[in-house]
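To keep things clear, I will list the structure first and then write my remarks on it.
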Amino acid sequence: MKKIFLSLSLFAALSVAADTRIMVIADPHVMDNSLFDDGTAAKNMCSGNPRVPEYSMQLFDSAMTIVAKECPDLLFIVGDLANEGELVSHEHIVAKLAQLAEAGVQTLVIPGNNDIANPNAKSYSGNSKTAVPSVTAAEFETMYNDFGFKQAVLREESGLSYMVYPNDQLAVICLNSAKENTPTTQYNAGGLYEETLVFAEQAAAKAKEDHRMILTLMHHQAMDHFNLESTMTPTYVANTGDEYPALIDMQDRLLAAGVEVIFTGHFHMNSISRVDDLEGVHSLFDVSTGSLSSYPSPIRSINLSDNGVMTITTATIDIYHALEQERNTNTAKGLISTLAAKLYPYVDTVKNKMPTLAAQLNLPASQSAMSTDMQTYMLEAFLVMVNELSAGDEQLYDPETKQQAVMTGFDNYISYVCKDNAFLITGVKTLLVAPRLVLQNMSKSIFYNYVGLDETDVVEDNSNTITISTNSQSTAVENMYAPTTTIRKEIINGVLYINRDGERYTTTGFLVE
């Protein structure tokens with residue numbers, strides 16, 4: 001697996017007449033200003049948020065001004081339009097998109113996990129928060145009918161996925177990966193159910209039959225963008241739950257159908273990743289765009305030529321960067337909490353099976369206490385890592401120092417647990433060698449910009465193009481993605497395996513049970 005990394009730049013002047021000009025926004029999380037005041041409830045909600053909801057409407061409106069000025073052929077919004085799915089926030093978005101339509105910009109939207117039937121839709125006044133209306137799936141479709149659904153040439157039989165032919169050469173397949181929320185639960189995880197994946201295959205087949213280039217939209221990420229993402233933070237990568245086809249099967253089937261590029265969001269990171277077949281002949285790219293209401297408020301601009309060359313640049317809205325970076329502290333704390341959850345079973349083991357050793361250590365009383373202790377030693381380095389993830393990993397900025405800071409923080413926490421006793425430190429490091437390697441693998445992947453076994457997979461800031469199949473090639477594409485045996489690379493906990501038709505083998509050929 002390799003990543004393609006793109007340069008941050010101002011919007012380029014895209015002037016080739018035959019080209020399709022597209023802009024992409026992800027996760028604007030618009031919270032209408034009528035939903036909060038300057039009371040304690042709103043301040044608490046904002047301070048504990050990984051986003052800047054109090055400025056989300058201003059950021060969205062600024063983005064709409066930028067899009068109107070650039071006047072692209074298409075605008076993609078890849079889910080989580082409203083902060084927590086509030087009806088009034090959706091109404092504001094629809095009004096702005098209607099203004100864009102009058103200016104000649106065609107918008108296509110897909111829902112995110114926050115947009116529909118969200119039990120967290122609230123208003124904040126004084127010291128109180130109050131439930132407010134969200135929207136049903138049917139209401140979402142009605143409200144956004146002019147922004148994709150009405151133009152559909154193909155619809156999923158029961159769902160919000162659809163395909164649009166926005167011009168003479170392009171097909172855009174819009175896939176709903178959001179899991180249906182309940183009156184008490186808003187789901188972060190999602191993916192493509194079997195029926196939605198079948199629809200994607202049918203839509204791609206029709207697009208190829210009609211000799212069109214294919215672009216795809218989906219809220220959840222279609223692959224890992226750093227080592228162990230789907231292990232450490234599985235709810236951000238599609239199809240990690242048991243109710244869905246396996247992630248690798250989803251990727252294989254989309255590749256086989258001729259899907260080559262998927263625009264995603266959800267993780268609030270600006271990143272482009274790809275998975276290849278074993279021979280490296282066919283690739284599926286995931287162009288993930290960061291949240292408009294989080295650092296650094298990115299907007300992507302794509303120029304798609306009539307010969308299938310896609311050039312991608314990224315601009316940012318800089319007004320609230322300092323506050324957005326500060327809010328990323330909440331995300332960094334969340335990652336440390338995830339790490340603590342992975343480590344706390346070791347604490348229980350020591351307490352239950354090695355009481356003599358436990359008495360010599362500063363062991364936390366609970367998983368929550370462990371997370372708090374770890375933050376003391378690791379939060380600063382993790383915040384740097386989160387900011388780098390959010391801003392985009394198109395370039396390397398002193399990765400060795402940053403990655404070493406993460407590991408130093410971890411080792412300093414171990415020293416605290418061991419009360420700086422060198423003998424105990426050696427023993428605990430031996431006990432924690434596996435989770436330490438996991439953290440090292442993940443953090444190094446983030447700072448050195450690769451998904452794979454090591455940094456030799458890095459493609460540094462020297463490729464800002466993706467080439468996809470054009471309409472003149474589409475008849476040949478039909479047979480291009482149909483191997484009798486599906487063979488894929490698969491990396492689990494930093495170990496490379498070969499997956500053949502769903503069965504996992506070691507690189508030496510042994511079947512993994």
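The values are calculated or read from the model by the stated rules, or taken from the named source; none is laboratory data. These numbers were taken from a predicted model, which means no experiment stands behind them. Cβ: placed from backbone, ideal geometry, glycine included. Neighbour counts: every protein chain shown. Calculation scope for accessible area: heavy atoms of the full protein, side chains included, ligands and nucleic acids excluded. Shrake-Rupley method; radii C 1.70, N 1.55, O 1.52, S 1.80 Å.
Region 200-255 and region 381-444 have Cα centres lying 31 Å from one another.
Working value for region 35-165: equivalent-ellipsoid semi-axes of 28, 18, 11 Å, each the square root of 5 times a Cα gyration tensor eigenvalue, largest first.
Expressed as a whole percent, the accessible area of region 81-180 that falls on carbon and sulfur atoms is 47 (1.4 Å probe). Highest mean packing comes first when the peptides 366-375, 226-235 are listed by Cβ atoms within 10 Å, giving 226-235, 366-375. What shape does region 367-417 take by its C-alpha gyration tensor, where a ≥ b ≥ c are the square roots of the eigenvalues and a/c under 1.5 counts as rounded, a/b above b/c as prolate, and the rest as oblate? Oblate, since a/c reaches 1.5 and b/c is not below a/b. In the context of the full protein assembly, ASP210 retains an accessible surface of approximately 60 Å², using a probe radius of 1.4 Å and ignoring ligands and nucleic acids. Placing dummy labels 7 Å off each Cα toward the beta-carbon, the span from GLN440 to ALA95 is 5.6 nm. In whole angstrom, region 297-350 maps to an equivalent ellipsoid with semi-axes of 40, 20, 4, each derived as √(5λ) from the alpha carbon gyration tensor and ordered largest first.
Which order, highest average first, do 99-112, 126-139 follow once you tally other Cβ atoms within 10 Å for each residue and take the mean per peptide?
The packing order, highest mean first, is 99-112, 126-139.
Alpha-carbon geometry of region 229-375: the Rg and the Dmax are 21.1, 71 Å, given in that order. Once you treat every alpha carbon in region 282-324 as an equal point and sum by Debye, what is log10 I(q)/I(0) at q = 0.17, 0.20, 0.23 Å⁻¹? Log10 of I(q)/I(0), two decimals: -0.58, -0.71, -0.81.
Dividing the alpha-carbon radius of gyration of region 164-257 by the rule-of-thumb value 2.2 N^0.38 Å gives 1.16.
When Rg is the radius of gyration of the Cα atoms in region 104-227 and Rh is its Kirkwood radius, what does Rg/Rh come to?
1.04
Surface composition of region 298-457: carbon and sulfur atoms hold 54% of the protein heavy-atom accessible area at a 1.4 Å probe. Over the heavy atoms of TYR448, what accessible area does a 1.4 Å probe trace out, to the nearest 10 Å²? Here the accessible area works out near 50 Å².
Projected onto their three principal axes, the Cα atoms of region 343-450 cover extents of 49, 25, 20 Å, largest first. Full extension of the chain between ALA246 and ALA138 gives 36.0 nm of extra length, using 0.36 nm per residue less the Cα-Cα distance. Shown are PHE36, PHE76, whose ranking by accessible area with a 1.4 Å probe and every protein chain present, most to least, is PHE36, PHE76.
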